1. Sorted by average packing, counted as other Cβ atoms within 10 angstrom per residue and highest first, what order do 129-136, 5-12, 59-66 take?
2. Based on the mean of other Cβ atoms within 10 Å per residue, sort peptides 86-95, 115-124 so the most packed one is first.
3. Debye sum, Cα scatterers, region 1-86, no solvent: what log₁₀ I/I(0) at q = 0.12, 0.14, 0.20, 0.22 1/Å?
4. Taking the Cα centre of region 30-87 as origin and charging only Cβ (+1 Lys, Arg; -1 Asp, Glu), how large is the dipole, in debye to the nearest 20?
Amino acid sequence: LLSADALFNAQFIYVSSDVAADFTAQEKANFGAYLRSGGFAFIDNGAPDKAGSAVEYSLQKMLTDALGADAVIRPIPADHAIYHSLFDFQGPPTGQTGEASLKRFQEKKALQGIWIGKRLAAVYSDFGHGYRWVTPDRSEPQVKLGVNLVVYALLQENGMMTGNAKK
């Protein structure tokens, strides 16, 4: 839960929803404080086949409400360390399969980074990677991306594990 104090003990959190989520003021405040203090999150739209959906809106609103003007949201370039922290990628692998989801991936082909200053604090995926993670035997590239995200979160400069985070 984003409202629990235990959030601040996690080096990596995964937020996913396939229905519109209504985050409380406390959850948004905690989430913003967590990211500002060096935490890292992967936010996954679990309904990527519905462009402009209530799910997409609620997850993005949670980010903007939690961070306000502190954050900049922009595509993550293919040469960023999240694509090379353990396994090498030239951008993200696809997420959920299905005609609408694959079309959306072909249009965007980039994960969105949420940057606080120069630090990548969170990654937003409109591709439904969580759907692929439930079948790891058929989703090797997606699982490897997940590993890269965790490795990056643990080793990033000014992150929770490096001891450089401003607390």
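What follows is calculated from the coordinates using simple rules that are stated; it is not laboratory data. Predicted, not measured: the structure shown is a model, and the values here were computed from it. Quick reminder, even Gly has a Cβ in these numbers, built from the backbone with ideal geometry, and neighbours come from all protein chains shown.
1. 59-66, 129-136, 5-12
2. Highest mean packing first, the order is 115-124, 86-95.
3. Rounded to two decimals, the profile gives -0.39, -0.53, -1.05, -1.20.
4. Rounded to the nearest 20 debye, it is 100 debye.
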